[in-house]
Amino acid sequence: MPDTQVLVNDFLNKLKKRKIEGSQATARQTAELLRSVISQQRVPYTNQAGALIDAVKAVGEQLIAANPVELAVGNIVRRVLHIIREEDLSLTTAAIGGLNLSAVSDDENDDDRDGDSTLSAAAVAAAARSTLRPPSLQTLLEDTPVSAAVPQTSSSGGDSEGKTADKSSRSRKLKHDVIEAVNELIQDIVTCHEQIAEQAVEHIHQNEVILTLGSSRTVLEFLFAAKEKKRSFRVFVAEGAPRYQGHLLAKELVARGLQTTLITDSAVFAMISRVNMVIVGAHAVMANGGVIAPVGMNLVALAAQKHAVPFVVLAGSHKLCPLYPHNPEVLLNELRSPSELLDFGEFSDCMDFGSGSGSPLLHVVNPAFDYVPPKLVSLFITDTGGHNPSYMYRLIADYYSADDLVVQRRATAGN
Amino acid sequence: MQFDDQGRVNKSKKRAVFNQPEAKNRVELFRHLPQYEHGSQLTDLESKFLELDSMHPAVYKVGVQYLAGDVTGGNARCIAMLRAFQEVINDYSTPPGKTLVRDLTAKISSYVSFLIECRPLSMSMGNAIRFQKSRIAKLPLTLSETEAKAALCNDIDRFINEKIILADKVIVRHAATKVRDGDVLLTYGSSCVVEMILLYAHELGKQFRVVVVDSRPKHEGQALLRRLLAKGLSCTYTHINAVSYIMHEVTRVFLGASSVLSNGTTYSRVGTACVAMVAHAFRVPVLICCEAYKFHERVQLDSICSNELGDSNDIARVPGRPDVNSMDNRTNEKNLQFLNLMYDATPSEYVSMIITDYGMIPPTSVPVIVREYRREYLLI
């Protein structure tokens, strides 16, 4: 569709140029883009789910490649794929349920029942072979895309008249259901702050001292909610160089009447002995419970562990990534411009390539993210409640399908 | 001095040489430490130049240098102060009716309180002053005034030479044995001893890389970086937030110290504790390089009971970032405080070894040195 292509290209440009700030905004825009892709995708009569999945995978591959460090994009793509599979499954089970009922109603004749039950068994086997089940050896060895197998085999059983009526209503229904579910997903993304903030009063008591680093909207809403419930507490904000987002957070907190002290990141170890709790936001949460967070967070987490201060991470469910991190400091990190650390004007004479080997003497390292291992995190607070880091892998089963971990279109011709 | 005791604060204000307005928004935890509005102090002191008859110009000059931040670092401040005291002693003449010992000690004490007003003493300076006073007190009474003055100046020279200059040379020799080819050495901020070690090891021809870690608000690492690059060492520069990222490649960490306390705690520039903690987490050895005259018999558990508070405007203002600097006019807002700590205390379990002029010792041996070698002062 030319419309969607323009939208997709536009979004890809924005991702490549890092124009979109924050995982919530990225997640919402990705979901809206995929919603338009789905609604404009023409689905064939048979195998609607397969077509939708392929369309989403095609777009999703490009989106993920545009900004591999922004894990929220991949998360939303996988969520949408999971939604498509789920909706397809529920429609298929409804259809099979219809077949089963018609089989059970004939219970005078044993032979008939056997025949009908064999039919429904075939339909059940077809459903079992759908992409919703975990991949079995049979499906893996099949060359044809698995999703293609579903409607064909189910069309082989049952009344043909009922089936055609069934199929057309099913095709309309599938897209409709998927789009409704994606709307719910967008709604969840937008309201994740409120759901997390509702839990604030359970964790913050009176006269508490809280430490945070950088700026996160989730943390802001969390602290405001506790303030609304008349808990009095003080906040130490570490400024989070070199972006200095802590200054902005401190401004907002002070505007709402919270006692705030702004400290440098180097003073974190000095001050943490007088802090009751560390509450921070995250950029992404990995499947092992590890956290990708703004640079400097590992420092805070280690200091908190040394002084036995609880380290609480607030994350909306769109930040949960089904991948396990391997060498995250390098592979899931971005290096930003050295000019944020050193003034080019002052150090330009040191940057010359005059030494013998031809390489410059000075390297400036300015990573954007930090990895915090799961053993340093005490608690995750998500919109579904509080969880231990060791539990995060279970939440993946709720939101993602195992087939979607690698978002790649299969290179087969049979479609 | 206890700055939360109002009576004492008022008494000291009466004796003060120049006017220091107290900061308005003070952090509750640090009420026991002095915090002043830094903006007007320097101009105030400079304006008082002609009024200070009792102040020796050399001491005045050193005070202004401290206040303006021109002289920083434990060794530099100590040497500047002792040289000023040498001039004081040379120009001194005993007034009639008074003894040299008592009068000179009183004069030195008044100069020291002036220097404290400009900037609180570092522990190295405290030790040097105690040494000075004990030398004055030990003067034999049979000496004439000129002989006494010469002896005192001699003592100061010997102190500076033995305890600082030669001690640095010994430390550099010891530490250079710990640098191997292919090492990646990390240092934080700017310590003169660590700089000497790196340059010496480079001269010996060892092949290594240096990582300079820096932090706000002073960015002291940039000056060190420039000097190292000028000598041809290959350096990596980063901010303290990124120290977890860079620690994977590091083989050794060299840190300087303002002082080492008797429970093995290292008292040094704020951020040193963070660097040592991350190095410990990554199993990288941490070596503290510190002259023995900086050891102190005090003990300290955390960075809050005793510290120095710097200018809060340094935190509020971020140079070169106008979007963030709209905070500047908020320094007087009631709910918002800025905390600019100068020092922090690194626990002894993060330190692998302390390199001093008495050798390379573990942190647990510091009280032994304080006890055994303090007698040296008495024997000179």
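The values are calculated or read from the model by the stated rules, or taken from the named source; none is laboratory data. Just so you know, these numbers come straight off a predicted model, no measurement behind them. Reconstructed Cβ throughout: ideal geometry from the backbone, glycine too, with neighbour counts over all protein chains shown. The accessibility values were calculated without ligands, DNA or RNA, using every heavy atom of the protein model including side chains. Shrake-Rupley method; radii C 1.70, N 1.55, O 1.52, S 1.80 Å.
Highlighted here are the strands (runs of 3 or more DSSP E) found entirely within region A:257-321 that include at least 3 residues which are in contact with a Leu (Cβ under 8 Å, 6 or more places away or on another chain) and at the interface with chain B (Cβ under 7 Å from one of its Cβ atoms): A:259-263.
Do you know which residues across region B:240-260 are of a type in the set (Ser, Thr, Tyr) and open to solvent by less than 10 Å² (accessible area, probe 1.4 Å)? Those that are of a type in the set (Ser, Thr, Tyr) and open to solvent by less than 10 Å² (accessible area, probe 1.4 Å): B:Ser244, B:Ser259. So which of B:Val71, B:Val88, B:Val101 is assigned to a loop (DSSP other than H, G, I, E, B), surrounded by 13 or more Cβ atoms within 10 Å (Cβ to Cβ) and of a type in the set (A, V, I, L, M, F, W, C)? Result: B:Val71 is the single residue among B:Val71, B:Val88, B:Val101 that is assigned to a loop (DSSP other than H, G, I, E, B), surrounded by 13 or more Cβ atoms within 10 Å (Cβ to Cβ) and of a type in the set (A, V, I, L, M, F, W, C). Out of A:Lys251, A:Lys227, one residue alone is more than 7 Å from every other protein chain (Cβ to nearest Cβ) and in contact with a Leu (Cβ under 9 Å, 6 or more places away or on another chain). It is A:Lys227.
Among what's in region A:210-234 and is among the β-branched types (Val, Ile, Thr) and touching a helix residue (DSSP H, G or I) at 6+ places or on another chain (Cβ under 6 Å), pick the residue that is surrounded by the fewest Cβ atoms within 10 Å (Cβ to Cβ).
A:Thr218
Applying the criterion of being assigned to a loop (DSSP other than H, G, I, E, B) and open to solvent by 20 Å² or more (accessible area, probe 1.4 Å) to the residues of region A:28-57, the residue that is modelled with the highest pLDDT is A:Gln41. If only residues of region A:65-124 that are open to solvent by 70 Å² or more (accessible area, probe 1.4 Å) and under 30 Å from A:Arg18 (Cα atoms) are counted, the one that is modelled with the highest pLDDT is A:Ala65.
Scan region B:201-211 and give yes if some residue there is assigned to a loop (DSSP other than H, G, I, E, B), polar (S, T, N, Q) and open to solvent by less than 30 Å² (accessible area, probe 1.4 Å), otherwise no. Within region B:201-211 (the criterion being assigned to a loop (DSSP other than H, G, I, E, B), polar (S, T, N, Q) and open to solvent by less than 30 Å² (accessible area, probe 1.4 Å)), the answer is no, since none of the residues qualifies. Among the residues of region B:174-189, those that are surrounded by fewer than 23 Cβ atoms within 10 Å (Cβ to Cβ) and assigned to a loop (DSSP other than H, G, I, E, B) comprise B:Thr177, B:Lys178, B:Val179, B:Arg180, B:Asp181, B:Gly182. Scanning region A:326-342 turns up at least one residue that is within 9 Å of chain B (Cβ to nearest Cβ), farther than 27 Å from B:His280 by Cβ and open to solvent by 50 Å² or more (accessible area, probe 1.4 Å). The number of residues in region B:269-322 being among the acidic types (Asp, Glu) and within 13 Å of another protein chain (Cβ to nearest Cβ) comes to 4.
Residues that are outside any loop (DSSP other than H, G, I, E, B), open to solvent by less than 10 Å² (accessible area, probe 1.4 Å) and either on the phi > 0 side of the Ramachandran plot or in contact (Cβ under 8 Å) with a residue 40 or more places away in the chain (or both) do not occur anywhere in region B:297-308. Regarding region B:31-39, can at least one residue be identified that is at pLDDT 75 or above, of a type in the set (Lys, Arg) and part of a helix (DSSP H, G or I)? No: region B:31-39 contains no residue that is at pLDDT 75 or above, of a type in the set (Lys, Arg) and part of a helix (DSSP H, G or I). Scanning region A:344-373 for residues that are modelled with pLDDT of 80 or more and hydroxyl-bearing (Ser, Thr, Tyr) yields a single hit, A:Tyr371. A:Ala25 satisfies every condition listed in (1) in contact with a helix residue (DSSP H, G or I) (Cβ under 8 Å, 6 or more places away or on another chain); (2) in a helix (DSSP H, G or I); (3) closer than 30 Å to A:Glu194 by Cβ except (1).
Is there a residue being among the aromatic types (Phe, Trp, Tyr) and at pLDDT below 90 anywhere in region A:300-312? Checked against the condition, which is being among the aromatic types (Phe, Trp, Tyr) and at pLDDT below 90, region A:300-312 yields no hits at all.
If you check B:Cys192, B:Cys235 for being surrounded by fewer than 19 Cβ atoms within 10 Å (Cβ to Cβ) and of a type in the set (A, V, I, L, M, F, W, C), only one passes: B:Cys192. Would a scan of region A:175-183 turn up a residue that is closer than 16 Å to A:Gly281 by Cβ and surrounded by 23 or more Cβ atoms within 10 Å (Cβ to Cβ)? Within region A:175-183 (the criterion being closer than 16 Å to A:Gly281 by Cβ and surrounded by 23 or more Cβ atoms within 10 Å (Cβ to Cβ)), the answer is no, since none of the residues qualifies.
Checking each residue in region B:136-150 for being in a loop (DSSP other than H, G, I, E, B) and surrounded by 12 or more Cβ atoms within 10 Å (Cβ to Cβ) picks out B:Lys138, B:Leu139, B:Leu143.
One residue alone among B:Asn335, B:Asn325 is open to solvent by 20 Å² or more (accessible area, probe 1.4 Å), in contact with a Leu (Cβ under 8 Å, 6 or more places away or on another chain) and facing another protein chain (nearest Cβ under 10 Å), and that residue is B:Asn335.
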